[in-house]
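Here's the structure we're looking at; comments come further down.
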Amino acid sequence: MTELVQDQVAALIAAGLKAAQASGALPDFEMPAVVVEHPRQSEHGDYASPVCLRLAKVARMSPRDIAARVVEHVPPSPLVGQAGVAGPGYINVALDASWLAVQVETILEAGEAFGDLDIGRGQRYQVEFGSANPTGPLHVGFARNVVLGDTIANVLAAAGFEIEREYYVNDAGSQVRKFGESVYARYAQALGRNEPFPEDGYQGDYVVEMGRRAAQRHGDRFLGTPREEATRALGLEGIAQVIAEAKQDLADLGVTYDAWFHEKGLHASGLFDQMLDRLRGDGYITARDDAVWFTYPEEDVDAVVVRSPQVIAEPGERPTYLASDIAYVWNKLVERGFDRAIYVWGADHHGDVPRVKAATKALGLDPGRVVVILYQLVNLKRGGEDVRMSKRRGEFVTLRELLDEVGPDPIRFMLLTATADSTLDFDLDLAVEQSDKNPVYYVQYAHARIASILRHAADLGWDTEAPASVSLLTHESELALIRKMLELPEIVMLAAAQLAPHHLTFYAKDLASTFHAFYRDCRVVDAEAPDLTRARLMLVRAARLVLARVLHLMGMNAPERM
């Protein structure tokens, strides 16, 4: 596992604090947690710690005096080139150039494991994402859901968690019946019957196509079948088709699941009834207005779990989404024993979060084990104009269309470029532009350029795998590239801790930019400097490894040619 450089620097500063106290240079006080961060300005070093700013009161001296005494007692270390005091009392640390050069060897030795951490220590996390109603093709809004969820799962796995990816299939409830009625109407119309389309049914050419295919497969068989039976059969057939197409679209986007969990299984197993009885016995279930309510006075989150028969006639359609969520969270945390259940939901579900948390608590479980990531909408743009989407009316751009137009890598990268809680503009024109303006192209081109350098060197007869003296890597652009590569483990930790994979896109762009600057400033292959050439080829190989790793964490390809 990779050891974070910032942790090593923090440990040295903590050791300096303790040594200063032991020598009498500082008075005794409770040792604080030492936080280190990257200074905004590179001339201030590689890391800075504000720890001394918080110690003035307990130490009865100025932060600058405290910092000076700590710096004097920081133990010698090969990674520290210089430690000093800055500003009101920051401790600044610059990494040693010789130590930095040696890290090229460390990265190459780690290989694909560079950046892996063990903060998860094997805890079992489930990430449930996607989970669109199986009533139509996936569109770009759901693409943001699955890209977020899949990349979060990638990052958590790299951080040492045991991860399971799950897709929750909402195949129970009134929307399934309504979908079946819509398919039946289009089926009958395809056979020439003047069948009225259901009010509030599912519009769209995809439903017309499902009806046409059903007519080709079954002829007029279902016209002579009881309507309810025909609607159910064609609805289930349509749902199976939607799921099959969704699996293919997701696979083409680079997303695969460990499990596809069906909502109807929760009810068929009797688990929902068991949870209802449990909550009723504990006083959290009440009857009101001819419906069944979940009540949790401490949180003020009363919500219907079983609708009134006056509202929904069919008993199997009366349980609400919350009803299923209650049984589902028990299934995750108790029956399957996940340490934490992570959900990725659209922002329109923000009102459901406190209800699910309250229900988890009412079931006697720690609500902290339930984490919900809410993401905002995606505005699809073409030529500077919005492309409107409405799944029910059938006016939307499908994920398949998006895949065919721009490909999986631009989709994944562009959908990760903003925090989940920010509305995201997806520029279709930019996504396919082959220039530095396109961040996807810019990052992947850096990897392709590296591969090209190595191929060119091999064509000239250089052994690109040969060991070399990395001590020759002293140019500032070389050291800047090494510094940037060493940030990958920190980015993995940050993205895993915050469940925020957008950090990967910013880091990837920075790394690509730093490599391009190195390539501009340093000639890699030079027949008149063979030792330096071999050292720079090692550096280039390390850069290829790190850039490929961050691309793979985002679920993207690391192209050899572009």
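We did not get these values from a lab; they are worked out from the coordinates using the rules stated. Computed from a prediction, not measured in an experiment: that's the story for all the values here. Because the Cβ atoms are built from the backbone with ideal geometry, glycine has one as well, and the counts that use them run over all protein chains shown.
Key figures
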quantity: Residue 306 long-range amide H proximity, modeled H, under 5 Å; calculated: 292, 320
quantity: Under 5 Å, built H, 5+ apart or other chain: amide partners of residue 81; calculated: 94, 95, 96
quantity: Peptides ranked, highest mean first, by Cβ atoms within 10 Å: ranges 290-299, 321-330, 208-217; calculated: 321-330, 208-217, 290-299
quantity: Phi-based couplings in Hz for region 168-178 (Karplus 6.51, -1.76, 1.60; Gly and Pro marked x); calculated: 9, 8, 7, 10, 9, x, 5, 5, 6, 4, 4
quantity: Kirkwood hydrodynamic radius of region 298-384, from inverse mean 1/r over distinct Cα pairs, in Å; calculated: 14.8
quantity: Mean projection area, nm², convex hull over Cα of region 435-553; calculated: 7.5
quantity: Ranked by how many other beta carbons lie within 10 Å on average, peptides 256-268, 350-362 from highest; calculated: 350-362, 256-268
quantity: 5 angstrom amide H check on residue 380, placed H, neighbours 5+ away; calculated: 387, 426
quantity: Integer Hz, Karplus 6.51/-1.76/1.60 couplings in order for region 119-125, x for Gly and Pro; calculated: 6, x, 6, x, 4, 8, 10
quantity: Highest to lowest packing among 237-247, 140-150, scored as the average C-beta count within 10 Å; calculated: 140-150, 237-247
quantity: Between region 404-441 and region 248-280, the alpha-carbon center distance in angstrom; calculated: 31
quantity: Linear extension gain, residue 223 paired with residue 60, 0.36 nm per residue minus alpha-carbon span; calculated: 49.8 nm
quantity: For region 5-95, alpha-carbon Rg over 2.2 N^0.38 Å; calculated: 0.97
quantity: Whole-Hz couplings from phi, Karplus 6.51/-1.76/1.60, listed for region 524-532; x for Gly and Pro; calculated: 6, 9, 9, 4, 7, 9, x, 5, 5
quantity: Spacing of the two label points (7 Å from each Cα toward its C-beta) at residue 277 and residue 236, in nm; calculated: 2.7
quantity: Cα-based Rg and Dmax for region 432-487, where Dmax is the largest Cα-Cα distance (Å); calculated: 14.5, 41
quantity: Positive dipole terminus of the chain, leading residue within 418, 294, 529 (C-beta point charges); calculated: 294
quantity: Pairs of Cα atoms farther than 14 Å apart, region 187-227, %; calculated: 48
quantity: Cα-Cα pairs of the chain separated by more than 37 Å (percent); calculated: 47
quantity: More than 22 Å apart - percent of Cα-Cα pairs taken over region 361-501; calculated: 62
